[in-house]
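One structure below.
Nothing in this text is a laboratory measurement; each read-out follows from the coordinates by a stated rule. Computed from a predicted structure; not experimentally measured. Here the Cβ positions follow ideal geometry from the backbone for every residue, glycine too, while neighbour counts run over all protein chains shown.
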Amino acid sequence: MPANTGENNTSFTIWFENKFRTPILIFKWCMKLKKRTQSLEEVVTEYAKAIRKLIKHVDSGRNWTEEQKIYSFMKGLKTDLFYAFWPLLALKDNSTMNMAIELTQRIKDNQRMHLGFTLPVFTPAPVMAPALQMAATFFAAQT
């Protein structure tokens, strides 16, 4: 078999994806990604690794934007991390998944440093609720 250039239908990658990346599996991975949340004892790096793996399964063509990846990561974060994290990320232009993970890890480390102090839960102002709902609807439609 010739080297995989991605240009012909006999390449190993195309055969492999057709054989082992069925529509049923893709649907299952999408549902897992949609429902995935960070467990109480799960550290940020473990959670991020699981999300990245699911994104890789769902988006084998690497077509997702960074915003879609960040949304998939942040929607399942523990509540205290999510509300501490999202206002900070909103201030940054051109955010990436790596930046989101690093920022979340820093927040968690800072919480641990202060003897178990957890940041107060930030409740978004009612004015922001429509924007958050619109963003959630947009990203949900992308999966």
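To one decimal place, what orientation-averaged projected area in nm² is obtained for the convex hull of the Cα set of region 12-122? Walk me through the numbers before you get to the answer.
Numbers: hull surface 31.2 nm².
Mean orientational projected area (region 12-122, Cα hull): 7.8 nm².
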Stretchable slack from Ile14 to Cys30, in nm (0.36 nm times residue separation minus alpha-carbon distance): 3.7 nm
Anchor Lys19: aspartates and glutamates whose Cα lies under 20 Å away (excluding residues fewer than 8 positions away in-chain): Glu7, Asp59
Proximal charge balance of Gln68 [Cβ under 14 Å; K/R count +1, D/E count -1]: +3
